[in-house]
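Student: Take this structure, written in structure tokens, and hold onto it; I'll ask about it next.
The values are calculated or read from the model by the stated rules, or taken from the named source; none is laboratory data. What you are looking at is a predicted structure, and each value in this text was computed from that prediction instead of being measured. So basically every Cβ, Gly included, is an ideal-geometry build from the backbone, and we count neighbours across all protein chains shown. The area values use the complete protein model at the heavy-atom level, side chains included, leaving out ligands, DNA and RNA. Shrake-Rupley method; radii C 1.70, N 1.55, O 1.52, S 1.80 Å.
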Amino acid sequence: MKKHYPAIAALLILFLFPSPMQAQKTLPADMEIELHYGADRLGKRPDQAMQKFRENRLGAFIHWGLYAIPGGEWEGKVYNGAAEWLKSWAKVPADEWLQLMQQWNPEKFNAKRWAQMAKEMGVKYVKITTKHHEGFCLWPSQFTKYTVANTPYKKDILGELVKAYNDAGIDVHFYFSVMDWSHPDWRYDLKNEEDEKAFQRFLTFTDNQLKELATRYPTVKDFWFDGTWDASIKKNGWWTAHAERMLKDLIPGVTVNSRLRADDYGKRHFDSNGHLMGDYESAYERRLPDPVKDLQVTKWDWEACMTIPENQWGYHKDWSLSYIKNPVEVLERIVHAVSMGGNMVVNFGPRPDGDFRAEEKELAKVIGKWTARNGECIYACGYAGWEKQDWGYYTAKGHHVYMVVFNRPYSGQLTAKTPKGTQIIKASLLNGENIKVTETARNEYNVSMPKHEFNEPFVIKLEIKSSESTTNKYREALT
Ligand code: H79
């Protein structure tokens, strides 16, 4: 719509989308408003690169920057807020904060060891913070002096990581914060002409950095934008659409998250017509959709991300201030995401010396032992479309449905209800051991618990038949 009617459009938007959770409602095609910077496409991206993104399913996040050095403590005070936001919590001026660069010398950093750890954990991709809100770049950017090149360490950390992960067969995704606390032209809002001018310079600077990343590291598979929620960005929706297109022109197949985007009216993630912008929804940060109520998420690609403590992404020296999730809780979130057709990214915040904290190494190891045995129910799997049961989650791939059991029933029987026309013809453990299945009612089955006790979540693989077979027709005829 016609820029002349923004007020009407805004009212329409308010009326149709009273809360962000309802953003997925779409207007009938003939009622859609015209947008220049709305969704580029309707529905899931069907190409191979997107398919690879989707099949990867499990990723790791790496938050590493200057904030790792103070680790949540400033001038003797420990802040329990997210460590990568310490500059903000402790109100440290940018120039003072950026002096931490003089201490950036991660002597234990070994990219190959990091890649080995990711491989052992079973992650198929790693999302790396190229630049977080603080503005410090893990690559030697030509467009700012706040980079690894100007630290005692000097070397291109990002380049080393891209190579090491790629050599290990792991895809690399780039996290990039548009909000940049180190840059004099960054604005939260645009209140006058001077702000407008500064912010346009800032967007040019951002374009330059993005082009630099895309050309220096052409094997990057994804850009995950953050720090895009402020009014300044919402008033420049054109730029978000432009940045996505620019990256896609530079790197064929690259994927981009929804968080980057704002449409003509500043509507984010989902445009004013209710269509997802970017390639996948990225709003599930430290939370997941409800497995019964929020099934609409199965209509689009999405990726969730999680922290191991409650809310620490960067390294925080005192994890005792937070509840730390155990490996089964982490696994449950991973499987929960896959069961609803999404990806899950588990965050790590390396120490300033370049090593990982012991708790993270241990967690990666335990998850890795589990994925090595049970990964079949995660990779390339998706939503089964079966009614949720209390024992855990279903995931699906081709003619197989996986029951991933997190809660053991006292009855020794796991209930499975199949959709109309779908039969279970066989059940087994992933090692091939047979599991007894009894049909208890139409489209209802008891799947027996395995004979030996598992002390971790386990998987039962179901072979299914979906057909309009004679038996089915006969059975339908009885009602
Ligand atoms: O990088 C990690 C976080 O640092 C970053 N995203 C993940 C992946 C992130 N932190 N917070 N947010 C995203 C959401 C932003 C919350 C905000 Fe606010 C609400 C920004 C401004 C208002 C909280 C309250 C932070 C400042 C005030």
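Student: Residues of the stretch 257-270 being assigned to a loop (DSSP other than H, G, I, E, B), touching a strand residue (DSSP E or B) at 6+ places or on another chain (Cβ under 8 Å) and of a type in the set (Lys, Arg), which ones?
Tutor: Listed by number, the list holds a single entry, Arg261.
Student: Please tell me if Ile367 is under 22 Å from the mean Cα position of the chain (by Cα) and β-branched (Val, Ile, Thr).
Tutor: Yes.
Student: Any idea which of Ser182, Ser141 is polar (S, T, N, Q), buried (at least 16 other Cβ atoms within 10 Å of the Cβ) and within 22 Å of Lys248 (Cα to Cα)?
Tutor: Ser141
Student: Separate question: Name the pairs whose Cβ atoms lie under 6 Å apart, with the first residue in the stretch 338-355 and within 30 Å of Met50 (Cα to Cα), the second at pLDDT below 95, and 6 or more positions between them or separate chains?
Tutor: none
Student: Sticking with this one: Within the stretch 376-386, is there a residue that is within 16 Å of the ligand (Cβ to nearest atom), of a type outside the set (Val, Ile, Thr) and in a loop (DSSP other than H, G, I, E, B)?
Tutor: no
Student: Looking at the stretch 68-135, what helices (runs of 4 or more DSSP H) fall wholly within it and have at least 2 residues that are more than 22 Å from Pro152 (Cα to Cα) and either within 16 Å of the ligand (Cβ to nearest atom) or among the hydroxyl-bearing types (Ser, Thr, Tyr) (or both)?
Tutor: 86-89
Student: Of the residues that make up the stretch 443-464, is at least one open to solvent by 50 Å² or more (accessible area, probe 1.4 Å), at pLDDT below 95 and either outside any loop (DSSP other than H, G, I, E, B) or hydroxyl-bearing (Ser, Thr, Tyr) (or both)?
Tutor: no
Student: Let me ask something else. Considering only the stretch 201-256, state which residues are assigned to a loop (DSSP other than H, G, I, E, B) and within 16 Å of the ligand (Cβ to nearest atom).
Tutor: Of everything in the stretch 201-256, those that are assigned to a loop (DSSP other than H, G, I, E, B) and within 16 Å of the ligand (Cβ to nearest atom) turn out to be Gly227, Thr228, Trp229, Asp230.
Student: Can you pull out every residue in the stretch 242-270 that is surrounded by fewer than 23 Cβ atoms within 10 Å (Cβ to Cβ) and within 21 Å of Ala29 (Cβ to Cβ)?
Tutor: Asp264, Tyr265, His269, listed by residue number.
Student: Additional query: Spot the failing condition for Trp97; the list is (1) within 23 Å of Ser322 (Cβ to Cβ); (2) touching an Asp or Glu at 6+ places or on another chain (Cβ under 9 Å), and only one is missed.
Tutor: (1)
Student: Please verify whether the stretch 145-157 includes one or more residues that are in a loop (DSSP other than H, G, I, E, B) and within 30 Å of Val366 (Cα to Cα).
Tutor: no
Student: Right, next: Any idea how many residues of the stretch 52-67 are more than 16 Å from Thr307 (Cβ to Cβ) and in a loop (DSSP other than H, G, I, E, B)?
Tutor: 1
Student: For the stretch 307-322, enumerate the residues that are surrounded by fewer than 17 Cβ atoms within 10 Å (Cβ to Cβ) and in contact with a Ser or Thr (Cβ under 8 Å, 6 or more places away or on another chain).
Tutor: Residues satisfying the conditions are Glu310, Asn311.
Student: Follow-up. List, please: which pairs have Cβ atoms under 7 Å, are six or more places apart or on different chains, and start with a residue in the stretch 97-121 that is surrounded by fewer than 15 Cβ atoms within 10 Å (Cβ to Cβ) and end with one that is outside any loop (DSSP other than H, G, I, E, B)?
Tutor: Qualifying pairs under 7 Å: Lys112/Ala164.
Student: Could you grab me the full set of residues in the stretch 390-415 that are out of contact with any Leu (no Cβ under 7 Å at 6 or more places or on another chain), open to solvent by less than 50 Å² (accessible area, probe 1.4 Å) and under 26 Å from Ala380 (Cβ atoms)?
Tutor: Gly392, Tyr393, Tyr394, Thr395, Ala396, Tyr402, Val404, Phe406, Leu414, listed by residue number.
Student: Conditions: (1) in contact with a Ser or Thr (Cβ under 9 Å, 6 or more places away or on another chain); (2) part of a helix (DSSP H, G or I); (3) open to solvent by less than 20 Å² (accessible area, probe 1.4 Å). Ala49 meets all but one. Number of the miss?
Tutor: Going through (1) in contact with a Ser or Thr (Cβ under 9 Å, 6 or more places away or on another chain); (2) part of a helix (DSSP H, G or I); (3) open to solvent by less than 20 Å² (accessible area, probe 1.4 Å) one by one, Ala49 breaks only (3).
Student: Go through the stretch 271-288 and give me each residue that's open to solvent by 10 Å² or more (accessible area, probe 1.4 Å) and outside any loop (DSSP other than H, G, I, E, B).
Tutor: Residues satisfying the conditions are Leu276, Glu281, Glu285.
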